[in-house]
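Contents: one structure, followed by commentary.
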Amino acid sequence: MSKLYLVPTPIGNLEDITFRALTVLKEVDYILAEDTRTSGKLLKHFDISTPMQSHHMHNEHKTVENIVKRIQAGETFALISDAGTPAISDPGFLLTRACIQNGVEVECLPGATAFVPALVNSGLPNDKFVFEGFLPVKKGRQTRLKLLAEESRTMIFYESPHKLLKTLTNFAEYFGEERQVSVSRELTKMFEETKRGSVKEVLSYYTEKPAKGEIVIIVDGKK
């Protein structure tokens, strides 16, 4: 039966892809990829020749309606992002919602996502947590930080390496220098690293040793 599959892809180590994900990617009619060049390397590694189409944040508003119609007409699609689970700080939500609204079946496979290992490995409470993704770059950033300063649950953020120091500085200002944090970068890759401690300690560490790679920040909630 025609449907949309949401397929997680490795966030670094290619061995983290599941057998089921490989089967789906081989059997669907088309693969929707955030960046066909990046996904092309993954597909080539696993000898997958399924045709790809571009589906990213800049064109998804224009392509969603046509994809839904094609699935309704009998085609089957798999959506992948550059790394991790689609729609988690990546394209995927708009297409998933449109499919559901139009009676198209959607199936999400379990698999790699960056924040779960970062959270579990942080040593901070994980019975209750809130995923914040990327903070606003400018507009709304201060307002968001003021609200989160009162959050009692563990908080999860994504950040780019060149903005890490700014974000940690913001945390020191709004949450306090002694708030406990854990910064994980390059998860599942050769130079994977997790640095834990107070905001002050972690900020000092990355001031002296600039971070590289994709970053997940785990922040303890207000006590």
How much FRET efficiency would the formula 1/(1 + (r/R0)^6) give for S49 and V137, where r is the Cβ-Cβ distance and R0 is 45 Å, rounded to 0.05?
0.70
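Per residue, how much accessible area does the stretch 76-197 have with a 1.4 Å probe, in Å²?
Accessible area per residue, the stretch 76-197: 51 Å².
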Where the only charges are on Cβ atoms (+1 Lys, Arg; -1 Asp, Glu), what is the dipole of the chain about its Cα centre, to the nearest 20 debye?
600 debye
Using a 1.4 angstrom probe on the protein heavy atoms only, line up M52, M190, M155 by accessible area, largest first.
M190, M52, M155
On a 1.4 Å probe surface of the protein chains, which of I67, I11, I100 comes out largest in accessible area, and what is the full order?
I100, I11, I67
Show which lysines lie in cross-link reach of K3 when reach means a straight Cα distance below 17 angstrom and same-chain residues fewer than eight apart are skipped.
K26, K69
Give me the percent of the accessible area of the stretch 64-112 that comes from carbon and sulfur atoms, probe 1.4 Å, all protein chains in place.
51 percent
Please work out whether the stretch 1-55 counts as rounded, prolate or oblate from its C-alpha gyration tensor, where a ≥ b ≥ c are the square roots of the eigenvalues and a/c under 1.5 means rounded, while otherwise a/b larger than b/c means prolate and anything else oblate?
oblate
Please give the length that would be gained between K128 and T18 if that part of the chain were fully extended, namely 0.36 nm times their separation in residues minus their C-alpha to C-alpha distance (nm, one decimal).
36.9 nm
Mind checking the log10 I(q)/I(0) for the stretch 1-141 at q = 0.15 Å⁻¹? Debye, one equal scatterer per Cα, no solvent, two decimals.
-0.77
Summing -39500 (n - 2.57) over the DSSP H runs of n ≥ 4 in the chain and dividing by its residue number, what mean residue ellipticity at 222 nm do you reach, to the nearest 500 deg cm²/dmol?
-10500 deg cm²/dmol
If I build a Gaussian network model for the chain, linking alpha-carbon pairs within less than 10 angstrom, which residue out of S39, S184, S152 has the largest mean-square fluctuation?
S152
Within the chain, the percent of DSSP beta bridges that are antiparallel, given to the nearest 5, stands at 50 percent
Provide, for the stretch 118-210, the number of lysine pairs with alpha carbons under 24 Å apart, each pair being eight or more places apart or on different chains.
21
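The values are calculated or read from the model by the stated rules, or taken from the named source; none is laboratory data. In this text, all values refer to a predicted model and were calculated from it rather than measured experimentally. Virtual Cβ from ideal backbone geometry, glycine too; neighbours counted across all protein chains shown. Only protein heavy atoms, including side chains, enter the accessible area calculation; ligands, DNA and RNA are left aside. Shrake-Rupley method; radii C 1.70, N 1.55, O 1.52, S 1.80 Å.
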